[in-house]
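Structure below; questions to follow.
The values are calculated or read from the model by the stated rules, or taken from the named source; none is laboratory data. Fair warning: this is a prediction, and the values are worked out from it, not measured in the lab. With ideal geometry, Cβ positions are generated from the backbone for all residues, glycine too; neighbour counts draw on all protein chains shown.
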Amino acid sequence: MRLIVQPDNKKSYIHPEIYGNFSEHLGRCIYNGIFVGEDSPIENVNGMRKDVVEALKKIKLPVLRWPGGCFADEYHWMDGIGKKENRKKMINTNWGGVVEDNSFGTHEFFELCRQIGCEPYINGNVGSGTVREMAEWIEYMTSGNFSPMANLRRENGQDKPWQLKYFAVGNENWGCGGNMRPEFYADLYRQFQTFIHNYSGNSVCKIACGAGASYDNPNYEWTEVLMKNARQFMGGLSLHYYTLPTGKWDVKGSSTEFDRDEYYMTLAHADFIDELCEKHGAIMDRYDPEKKIGLIVDEWGTWFDVEPGTNPGFLYQQSTMRDAMVAALSLNIFNRHSDRVHMANIAQLINVLQAVILTDGEKMILTPTYHVFDLFSRHQGATLVESIMPASPITSDGRTFSSVSHSASVDDEGNVHVTIANLSCDEDASLSIRLDGGAYSLMDAKILTGDMHARNDFDNPENVKVAAFECASVSACASGTEAQLNLPKVSVLSLTFKK
Ligand code: AHR
């Protein structure tokens, strides 16, 4: 098989935000996962786990969404500010019915983002909130004026306003966010967003709630109605899509025990996001041909049965090489749609769904998905370039997709980054990569590979890890440079070439 990369055939900017993540007040994501409190024996800085922050810095996490998810449309931000002992306690009705003590609120979230060095992305409450509540939150966070909310922020210890680039007006308002019809939500969106002001030099990209798609219902109508009625008021429109092995919500399947057929079915369902980006994007193109409005895929990833014996409302699942392949396939797809996909946030950061990190008390492990984000991080802020490869197809559950997934980019220094995933669990791929337009040398090559069931757990934290990779040869050819290599089955490879 031959992969042809054309570094001079530039396509679109790869927004670093495609490599974003999502943190919700759900299960052990925020509490225990990220936030342990200043008095915890677990090493922390201002209550944030040090090991977690370090790991997220390493993959250059660009943006983090918070506080939900379904939680967002029941969250009242004023409950989460001020002295902790005075903060109102609530029941997290969406996720396990546990007590939420609001000890992690707006100040803590901005502190977390400061430590990681990522952009905060906040999701507002439309479903059970008011226009005033949302407007005042924006004022509280971003205004440098001497106004009631800005003064309240100062009283709570934050003198300077924060910078907030991304704000979403509601979450899944077709479902847990209010069971609305698209026409109704579009009108509400128009109303709510009017009062999201740009204070003190801050400029907010307003994100409207988009469609929730599934394998049997892509839900194009929601995108059509939103674009038709509210496009002039939005910087982004979201899209949610979860990969279910069976494609059905009532039989999700185990995260660790699956056979060959279920492996391929999972990948077929993951690959469907390509069609979703294409077709939701095509609707957006009709209203926004210049592609100014970003498709914000702010929830994606695998969703399996919870780990046996864990709280069903906590959505805790393990992560194997199968998840790594879903991640690599999805990220290559987002890169290839980066003209329209301006942000993507895998669900979720820690201990929930396709997490990049799992914790157990003071122990922390990195999942295979984490390592994929590590391998792909070099695409952030680079420019997508053409890469072409006819590969043998795989068909499962009515969908045919290529057995090898790939994308390539060129960064500001002219380095070419190529990420390739051999999705087959049956055959290694013998590959030649041709880079057109000059003599390149291979600067860096890394691989993640293992049996499709391979995973890290608290007893074997490094069972799956990134390793150095050797190409069989890299040499000059008539049109540029050619590398020969053998790509093991179930593997993700990242290569960087320098001119
Ligand atoms: O990520 C878990 C949940 O999935 C989110 O809260 C919700 O937005 C989606 O349905």
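From 162, 137, grab the single residue that is more than 16 Å from the ligand (Cβ to nearest atom) and not in a loop (DSSP other than H, G, I, E, B).
Exactly one of 162, 137 is more than 16 Å from the ligand (Cβ to nearest atom) and not in a loop (DSSP other than H, G, I, E, B), namely 137.
Continuing with this model, one more query. Going by the conditions given, is residue 356 in contact with a helix residue (DSSP H, G or I) (Cβ under 6 Å, 6 or more places away or on another chain) and within 29 Å of residue 66 (Cβ to Cβ)?
yes
Scanning region 232-250 for residues that are surrounded by fewer than 19 Cβ atoms within 10 Å (Cβ to Cβ) and not in a helix (DSSP H, G or I), which turns out nearest to the ligand (Cβ to nearest atom)?
This residue is 249.
Residue 271 is checked against (1) touching a Phe, Trp or Tyr at 6+ places or on another chain (Cβ under 9 Å); (2) under 30 Å from residue 198 (Cα atoms) and fails just one. What number does that condition carry?
The number of the failed condition is (2).
Then there is this: For region 251-261, what are the residues that are within 16 Å of the ligand (Cβ to nearest atom) and at pLDDT below 95?
Scanning region 251-261 gives a single hit, 252.
How many residues does region 292-334 hold that are more than 13 Å from the ligand (Cβ to nearest atom) and hydroxyl-bearing (Ser, Thr, Tyr)?
4
Using beta carbons and a limit of 6 Å, which pairs, at least six apart or on different chains, have the first residue in region 474-499 and over 25 Å from residue 327 (Cα atoms) and the second one not hydrophobic (A, V, I, L, M, F, W, C) and not in a strand (DSSP E or B)?
480/437; 480/438; 481/440; 498/415; 499/414; 499/438; 499/440
If you go through region 259-267 one residue at a time, do you hit one that is surrounded by fewer than 19 Cβ atoms within 10 Å (Cβ to Cβ), basic (Lys, Arg) and without any contact (Cβ under 8 Å) to a residue 40 or more places away in the chain?
Taking region 259-267 first, the residues surrounded by fewer than 19 Cβ atoms within 10 Å (Cβ to Cβ) are 259-262.
Subsequent filtering for residues that are basic (Lys, Arg) retains 260.
Restricting the remaining residues to those that are without any contact (Cβ under 8 Å) to a residue 40 or more places away in the chain gives none.
Within region 259-267 (the criterion being surrounded by fewer than 19 Cβ atoms within 10 Å (Cβ to Cβ), basic (Lys, Arg) and without any contact (Cβ under 8 Å) to a residue 40 or more places away in the chain), the answer is no, since none of the residues qualifies.
So is residue 49 among the basic types (Lys, Arg), within 16 Å of the ligand (Cβ to nearest atom), touching a residue at least 40 places away in the same chain (Cβ under 8 Å) and touching a strand residue (DSSP E or B) at 6+ places or on another chain (Cβ under 9 Å) or not?
So residue 49 does not fit the description; no.
Among the residues of region 463-490, write down those that are under 23 Å from the mean Cα position of the chain (by Cα) and over 23 Å from residue 382 (Cα atoms).
464, 465, 490 - these are the residues of region 463-490 that are under 23 Å from the mean Cα position of the chain (by Cα) and over 23 Å from residue 382 (Cα atoms).
Related question: Please list, ordered by first then second residue, the pairs with beta carbon atoms under 8 Å, 6 or more apart or interchain, first in region 171-189 and in contact (Cβ under 8 Å) with a residue 12 or more places away in the chain and on the phi > 0 side of the Ramachandran plot, second more than 10 Å from the ligand (Cβ to nearest atom) and assigned to a helix (DSSP H, G or I).
178/185
I would also like to ask the following. Kindly provide the set of residues from region 251-302 that are assigned to a loop (DSSP other than H, G, I, E, B) and at positive phi, ordered by number.
Answer for region 251-302, where residues must be assigned to a loop (DSSP other than H, G, I, E, B) and at positive phi: 253, 291.
Report yes if some residue within region 173-195 is at pLDDT below 95 and of a type in the set (Asp, Glu); otherwise report no.
No.
On to the next question. Are any residues in region 220-251 among the hydrophobic types (A, V, I, L, M, F, W, C) and under 21 Å from residue 196 (Cα atoms), and if so, which ones?
Within region 220-251, 226, 227, 230, 233, 234, 237 meet the criteria.
Any residue in region 475-494 that is surrounded by fewer than 14 Cβ atoms within 10 Å (Cβ to Cβ), modelled with pLDDT under 95 and in a loop (DSSP other than H, G, I, E, B)?
The answer is yes, given that some residue of region 475-494 is surrounded by fewer than 14 Cβ atoms within 10 Å (Cβ to Cβ), modelled with pLDDT under 95 and in a loop (DSSP other than H, G, I, E, B).
Please work out if residue 54 is part of a helix (DSSP H, G or I) and at pLDDT 95 or above.
yes
Within region 1-30, track down each residue that is among the hydroxyl-bearing types (Ser, Thr, Tyr) and within 16 Å of the ligand (Cβ to nearest atom).
Correct list: 23 only.
Here's something else I'd like to know. Within region 206-223, take every residue that is within 27 Å of residue 135 (Cα to Cα) and more than 16 Å from the ligand (Cβ to nearest atom) and give me the one that is surrounded by the most Cβ atoms within 10 Å (Cβ to Cβ).
Applying the filter and picking the extreme gives 223.
Follow-up question, since we're still on this one. Can you spot a residue in region 303-320 that is buried (at least 21 other Cβ atoms within 10 Å of the Cβ) and charged (D, E, K, R)?
no
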